[in-house]
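> What follows is a structure written as structure tokens; I'll ask about it next.
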Amino acid sequence: MEKKELRAKYKQLREALTPVACDEKSQAIANNLLQLDIWDFETYHVFLTIEKLKEINTEYLLNILNGKDKNIVVSKSDFEALTMQHFLLTDNTTLKINSWGIPEPQNGFDQTEPSTATTGPPGVRPDRKRCHVEVSASNRSTPPRPDSLLATDVH
């Protein structure tokens, strides 16, 4: 199956989910993440949920990361320039939903610096062949630059 077909299939499957089912599945994903050997990193780059697309609710993952006293970095997109800024998510960070439905930081500590790490959509990313999904985390204190990101628009 091609990427376009996969996106359409999984978009349709997500649309069929009830809010309760979506929440239960999101919680199960977060609980499954607890079983993985990924918790020794300092900083985790998490893409926030686009609720209208019924994406994985990353609130559960954010709660886990906060409970483990980890740094969380979130992105703000500039679709005209095709760039992203990355901000440390703190209790004082104001989030606003943009025209695409993406919650984005409006203030905070800019973490946009060069790095060779990659990152992806809510807690996961495809490999370079886009065949596997794996958790993305960094032991670096800063997230990757936008030009080092993989194309991760798989939903």
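The values are calculated or read from the model by the stated rules, or taken from the named source; none is laboratory data. Note that the structure is a prediction, hence the values are computed from the model and not measured. The protein model used for the area step is the full one, side chains on, heavy atoms only, and it has no ligands, DNA or RNA in it. Shrake-Rupley method; radii C 1.70, N 1.55, O 1.52, S 1.80 Å.
> Could you look at the range 1-122 and say what percent of its accessible area is carbon and sulfur, using a 1.4 Å probe and all protein chains?
Roughly 52 percent of what the probe reaches on the range 1-122 is carbon or sulfur.
> Suppose all protein chains stay in the model; what accessible area per residue would a 1.4 Å probe give for the range 1-57, in Å²? Walk me through the numbers before you get to the answer.
On the way: 4100 Å² over 57 residues.
Accessible area per residue, the range 1-57: 72 Å².
> By how many nm would the segment from T90 to A28 lengthen if fully extended, with 0.36 nm per residue of separation less the alpha-carbon distance?
Residue separation times 0.36 nm, minus the Cα-Cα distance, leaves 19.8 nm.
> Which shape class, rounded, prolate or oblate, goes with the range 1-70 when its Cα gyration tensor gives a ≥ b ≥ c as root eigenvalues, a/c under 1.5 marks rounded, and past that a/b bigger than b/c marks prolate?
Values: a/c = 2.33, a/b = 1.76, b/c = 1.32.
Here the range 1-70 falls in the prolate category.
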